[in-house]
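Asks: Got a structure for you, written out below as structure tokens; questions coming shortly.
The values are calculated or read from the model by the stated rules, or taken from the named source; none is laboratory data. What you are looking at is a predicted structure, and each value in this text was computed from that prediction instead of being measured. Cβ placement follows ideal geometry from the backbone for every residue including glycine, while neighbour counts extend to all protein chains displayed.
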Amino acid sequence: MPKTVILHLSGEDPVLADMDQEPEPGDLFIRVTNMRKKDGKPVPYLAAGVQAVIYPWHRITFLEIMPSEEERSSVVDFFRM
């Protein structure tokens, strides 16, 4: 089951994407599918019909891996009282 990630690219706005598996320490690139802006709109610099994009690590500032629905029940969110 793919995990949703927030991909922070150098010099670009963050985008949402799906990853089949988390990257390993020795990986030179990551492969993401279903790229979209955070508001769900298409990413303007991708051609229509693109299925997957491969990014080398030097283009990525950082990567946020979001919990899946079954993991969300065990994640404790912060709240104020």
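Asks: Against the condition free of Cβ contacts under 8 Å to residues at least 60 places away in the same chain and over 12 Å from the mean Cα position of the chain (by Cα), how does residue 17 come out, does it pass?
Replies: Judged against the criteria, residue 17 is not a match.
Asks: Next question, about the same structure. Of the residues that sit in the stretch 20-55 and are among the hydroxyl-bearing types (Ser, Thr, Tyr) and under 12 Å from the mean Cα position of the chain (by Cα), which one is farthest from residue 66 (Cα to Cα)?
Replies: In this case the residue turns out to be 55.
Asks: Tell me the residue from 36, 31, 72 that is at pLDDT below 90 and out of contact with any helix residue (DSSP H, G or I) (no Cβ under 8 Å at 6 or more places or on another chain), please.
Replies: Exactly one of 36, 31, 72 is at pLDDT below 90 and out of contact with any helix residue (DSSP H, G or I) (no Cβ under 8 Å at 6 or more places or on another chain), namely 72.
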